[in-house]
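Engineer: Quick one: the structure is below, questions incoming.
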Amino acid sequence: MSDKISGFEYIKKHDIKKALAVVVDGIAMDLATIFDGNTTVEVITKDHPLALGIMRHTTAHIMAQALQELYPQIKIAIGPTIENGFYYDVQCDHQIIPDDFDAIEKKMRAIIKADYKITREIVSKATALEIFSAEPFKQELIRDLDVTEVSIYRHEDKFVDLCRGPHLPKTGMASPHFKIMKLAGAYWRGDSKRDMLQRIYATAWFSQEDLDTYVQNLAEAEKRDHRKIGKDMDLFHTQEEAVGSVFWHPNGWVLYRTIQEHLRKYLAKDGYQEVSTPQMIDRSLWEASGHWEKFWQNMFIAESEERILAVKPMNCPGQIQIFKQGVKSYRDLPFRLSEFGMCHRNEPSGALYGTMRVRAFIQDDGHIFCTQDQMAAEIKKFCNLLSKVYRDFGFESFDVKFSDRPEVRAGSDDVWDMAENLLWKSATEAGLDFSVNKGEGAFYGPKLEFVLKDKLGRDWQCGTLQVDLILPERLGVWYTGEDGAKHRPILLHRAILGSLERFIGILLENYAGKLPLWLSPVQIVVATITNDSDVYAEKFFQILEENNIRARLDLRPEKISYKIREHSLAKVPLMAVLGANESASNTVTIRKIDGSQETLSLENALLTIKKMCLSPVV
């Protein structure tokens, strides 16, 4: 039998400095953990992908200790790490407000400076209930655990919490570069009938530079909020009478259609046939596809003539019905369908957010029916298409994630083994560089997720490509092979932008509303300095319209400074400023949103504006 060794002994033996934790056989553990000395061990230092999460988890405990010391009657609930930070839910007679943040942070720094040793203990449930006798939320969690023993962590005799870990060895190893960000209310265990707790959000980083960058990016993100920009540009609004749906204003709908039409050109060039499928489909088809069992709670239901109909939450069953019309031969494959399909999903009202999370949205949905031999070529073709589209919208690169089988899924393990192997092989043959996203596949098959990075470094998962061997079987999809027999095609579900509503929100925030000229719903405003130039302005405005430039005419008797400020707020990229000098000399002063300007002859101004407004070539 191999000798046992602790993480501390391992890093000392290998002379590894600044270790925070270890990964043993793929599982992150504390340095105090005892393990087989000959097993596979990976040391976690600050540069390790897991390091930041472990440090933040420990900092969450430090914040809970600080809260207990400041407010002795407080009851602590849960304190998980989240993207970019952590939070802790507490119940406290004192209503914590932002003015309290400095005191809490000061106390946290004192705990870090005290450098308390952090230890893990495994105790029986009975012992744990006794330890947390004054903590009702911890007691409930302990009672609900289907185990005989639980894990607790102590900061010497100063603090104890229920936790699986792992954690840093000492509080002094936590980073001092943290900041409490905001407060919110949260129902205990997400149940509106339970206690309302105070949720304290915070962030922590290994360097002050990283913390400052995060805080600055957060402030910039608030300025770039697509809801505010949408209002400034008069693009859309939402209201309570249509929760989760978007009212697109004329400007917004121009933007919507511009995106849609640009994508349509690519799809036609790549051999897609555009279709449209019904909004409401009988329950029987959703049962046959398996969506009823998984999604019925998120479907909007209607009844008519004793039939139950569902408003479609996705487009795939409808497009499959189109493929099934008439006999398909191997010569017809690959068979590509596309649809800008309106979908409805009954999302919780609390989760709705501008155009980013809605109940009604249009997907640039598509389905490819192909053979196994055609898969790699189709995946490569799709990725080339996706890359071109993303570049046109200003995203030069993207990451690819391979998402394998989720815990809840349709089909047997054998079918999933085959689907995952096919996708892995095809994606590799297509030359894709991808990471693995464990357990995040779709209900019917593994998928590739395409993740954009915006100008603030934020990730947005937009495109997807899923391999589906299950729906063709369930819905009786087949084609006639070269041998004259029936064969099941492989079904590739794919989207480039995903939800157009969400993608528009991403675009607005990425560009802070200052969209590329070809996308801007209003490309230029023709504005007069005085009303003496109205006739000349109307002439130039008409010329722009005749040349398919999206222009507006502003003849209001307002100061030109007021007009410039108003149209700049609305993110109009160009203004043609016309006064007495321009009228007399038959020239146009073109002012850009950045404040730069030049005066050109009318003919050259038109040529310049047309060139600036050109859309990318498909």
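Engineer: Looking for whichever is of a type in the set (Gly, Ala, Ser), over 24 Å from the mean Cα position of the chain (by Cα), more than 29 Å from Lys117 (Cβ to Cβ) and exposed (fewer than 14 other Cβ atoms within 10 Å of the Cβ) here; the options are Ser207, Ser192. Which one fits? Walk me through it before giving the result.
Structural biologist: Details: Ser207 fails: more than 29 Å from Lys117 (Cβ to Cβ).
Being of a type in the set (Gly, Ala, Ser), over 24 Å from the mean Cα position of the chain (by Cα), more than 29 Å from Lys117 (Cβ to Cβ) and exposed (fewer than 14 other Cβ atoms within 10 Å of the Cβ) holds for just one of Ser207, Ser192, which is Ser192.
Engineer: On to the next question. Taking into account only those residues within region 418-454 that are of a type in the set (S, T, N, Q) and under 14 Å from Gln466 (Cα atoms), which is modelled with the highest pLDDT?
Structural biologist: Asn421
Engineer: Testing Gly85 on (1) among the small types (Gly, Ala, Ser); (2) surrounded by 13 or more Cβ atoms within 10 Å (Cβ to Cβ); (3) more than 32 Å from the chain's Cα centre (by Cα), one condition comes back false. Which one is that?
Structural biologist: Result: Gly85 fails condition (3) only.
Engineer: I'm trying to understand the selection: among the residues of region 17-39, which are of a type in the set (A, V, I, L, M, F, W, C) and in a loop (DSSP other than H, G, I, E, B)?
Structural biologist: Answer for region 17-39, where residues must be of a type in the set (A, V, I, L, M, F, W, C) and in a loop (DSSP other than H, G, I, E, B): Ala19, Leu20, Leu31, Ala32.
Engineer: Inspect all residues belonging to region 12-27 and state whether any of them is surrounded by fewer than 20 Cβ atoms within 10 Å (Cβ to Cβ), assigned by TED's automatic domain parsing to the domain that holds Leu197, closer than 30 Å to Phe137 by Cβ and of a type in the set (A, V, I, L, M).
Structural biologist: No, there is no match, as no residue in region 12-27 is surrounded by fewer than 20 Cβ atoms within 10 Å (Cβ to Cβ), assigned by TED's automatic domain parsing to the domain that holds Leu197, closer than 30 Å to Phe137 by Cβ and of a type in the set (A, V, I, L, M).
Let's see how each residue does on (1) crowded, with 18+ Cβ neighbours inside 10 Å; (2) more than 30 Å from Thr213 (Cβ to Cβ); (3) of a type in the set (Lys, Arg):
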{"site": "Val451", "(1), (2), (3)": "no, no, no"}
{"site": "Asp483", "(1), (2), (3)": "no, yes, no"}
{"site": "Ile490", "(1), (2), (3)": "yes, yes, no"}
{"site": "Glu509", "(1), (2), (3)": "yes, no, no"}
{"site": "Val522", "(1), (2), (3)": "yes, yes, no"}
{"site": "Lys539", "(1), (2), (3)": "no, yes, yes"}
{"site": "Glu545", "(1), (2), (3)": "no, yes, no"}
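Engineer: Might you check whether a residue that is in a helix (DSSP H, G or I) and charged (D, E, K, R) occurs anywhere in region 189-197?
Structural biologist: Within region 189-197, the first condition is being in a helix (DSSP H, G or I), and the residues that meet it are 189-190.
Subset that is charged (D, E, K, R): 189.
Yes, the conditions are met somewhere in region 189-197.
Engineer: Would you point out the residue of region 85-102, among those that are in a strand (DSSP E or B) and not aromatic (Phe, Trp, Tyr), that is nearest to Leu50 (Cα to Cα)?
Structural biologist: Gly85
Engineer: Has region 446-454 got at least one residue that is within 24 Å of Asn217 (Cβ to Cβ), touching a residue at least 12 places away in the same chain (Cβ under 8 Å) and part of a loop (DSSP other than H, G, I, E, B)?
Structural biologist: yes
Engineer: Scan region 318-349 for residues that are of a type in the set (S, T, N, Q), at pLDDT below 95 and touching a strand residue (DSSP E or B) at 6+ places or on another chain (Cβ under 7 Å) and jot them down. Give the steps one after another, and end with the answer.
Structural biologist: Keep residues of region 318-349 that are of a type in the set (S, T, N, Q), which gives 319, 321, 325, 329, 338, 346, 349.
From what is left, the residues that are at pLDDT below 95 are 346, 349.
Of everything in region 318-349, just one residue is of a type in the set (S, T, N, Q), at pLDDT below 95 and touching a strand residue (DSSP E or B) at 6+ places or on another chain (Cβ under 7 Å), namely Asn346.
Engineer: Next up: Restricting to region 143-188, what's the tally of residues that are in contact (Cβ under 8 Å) with a residue 60 or more places away in the chain, among the basic types (Lys, Arg) and assigned to a loop (DSSP other than H, G, I, E, B)?
Structural biologist: 1
Engineer: Separate question: Looking at region 278-314, which of its residues are of a type in the set (S, T, N, Q), under 17 Å from Leu471 (Cβ atoms) and modelled with pLDDT under 95?
Structural biologist: Once the filter is applied, which keeps residues that are of a type in the set (S, T, N, Q), under 17 Å from Leu471 (Cβ atoms) and modelled with pLDDT under 95, region 278-314 yields only Ser289.
Engineer: Going through region 510-532 one residue at a time, which ones are closer than 30 Å to Ser583 by Cβ and either in a strand (DSSP E or B) or aromatic (Phe, Trp, Tyr) (or both)?
Structural biologist: Trp518, Ile524, Val525, Val526, Ala527, Thr528
Engineer: Select from region 340-392 the residues that are surrounded by fewer than 19 Cβ atoms within 10 Å (Cβ to Cβ), among the polar types (S, T, N, Q) and over 30 Å from Gly190 (Cβ atoms) and list them in ascending order.
Structural biologist: Listed by number, the residues that qualify are Thr371, Gln372, Asn384, Ser387.
Engineer: Also, quick follow-up: Picking from Ala204, Ala242, which residue would you name as being under 30 Å from Glu135 (Cβ atoms) and touching a strand residue (DSSP E or B) at 6+ places or on another chain (Cβ under 9 Å)?
Structural biologist: Exactly one residue qualifies, and that residue is Ala204.
Engineer: Considering only region 281-309, state which residues are in contact with an Asp or Glu (Cβ under 8 Å, 6 or more places away or on another chain) and either in a loop (DSSP other than H, G, I, E, B) or over 21 Å from His367 (Cα atoms) (or both).
Structural biologist: Glu293, Asn298, Arg307, Ile308, Leu309
Engineer: Which residues, taken from region 329-346, are in contact (Cβ under 8 Å) with a residue 12 or more places away in the chain, outside any strand (DSSP E or B) and over 26 Å from Leu386 (Cβ atoms)?
Structural biologist: Residues satisfying the conditions are Tyr330, Asn346.
Engineer: Can I ask one more? Look through Ser412, Ser397 and report the one residue that is without any contact (Cβ under 8 Å) to a residue 60 or more places away in the chain and farther than 25 Å from Val451 by Cα.
Structural biologist: Every option except Ser412 fails the conditions.
Engineer: Which residues, taken from region 284-315, are crowded, with 16+ Cβ neighbours inside 10 Å, among the small types (Gly, Ala, Ser) and free of Cβ contacts under 8 Å to residues at least 40 places away in the same chain?
Structural biologist: Correct list: Ala310 only.
Engineer: Given the criteria part of a loop (DSSP other than H, G, I, E, B), assigned by TED's automatic domain parsing to the domain that holds Arg391, small (Gly, Ala, Ser) and farther than 19 Å from Glu407 by Cα, does Gly431 qualify? Explain how you work it out, then say what you get.
Structural biologist: Numbers: part of a loop (DSSP other than H, G, I, E, B): yes; assigned by TED's automatic domain parsing to the domain that holds Arg391: yes; small (Gly, Ala, Ser): yes; farther than 19 Å from Glu407 by Cα: yes.
Yes; evaluated as a whole, the condition is true for this residue.
Engineer: Oh, and also: With the condition kept exactly as written, say whether any residue in region 487-509 is within 30 Å of Leu578 (Cβ to Cβ) and either small (Gly, Ala, Ser) or modelled with pLDDT of 95 or more (or both).
Structural biologist: Yes, because at least one residue in region 487-509 is within 30 Å of Leu578 (Cβ to Cβ) and either small (Gly, Ala, Ser) or modelled with pLDDT of 95 or more (or both).
Engineer: Still on this structure: Just one of (1) surrounded by fewer than 21 Cβ atoms within 10 Å (Cβ to Cβ); (2) out of contact with any Pro (no Cβ under 9 Å at 6 or more places or on another chain); (3) assigned to a helix (DSSP H, G or I) trips up Glu42, so point out which.
Structural biologist: Failed condition: (3).
Engineer: Follow-up. Just for region 402-419: of the residues that are buried (at least 18 other Cβ atoms within 10 Å of the Cβ) and out of contact with any helix residue (DSSP H, G or I) (no Cβ under 9 Å at 6 or more places or on another chain), which one is nearest to Glu293 (Cα to Cα)?
Structural biologist: Trp416
The values are calculated or read from the model by the stated rules, or taken from the named source; none is laboratory data. Everything numeric in this text was worked out from a predicted model, so none of it was measured. Methodologically, a virtual Cβ is constructed for each residue, glycine included, from the backbone with ideal geometry; neighbour enumeration extends over all protein chains shown.
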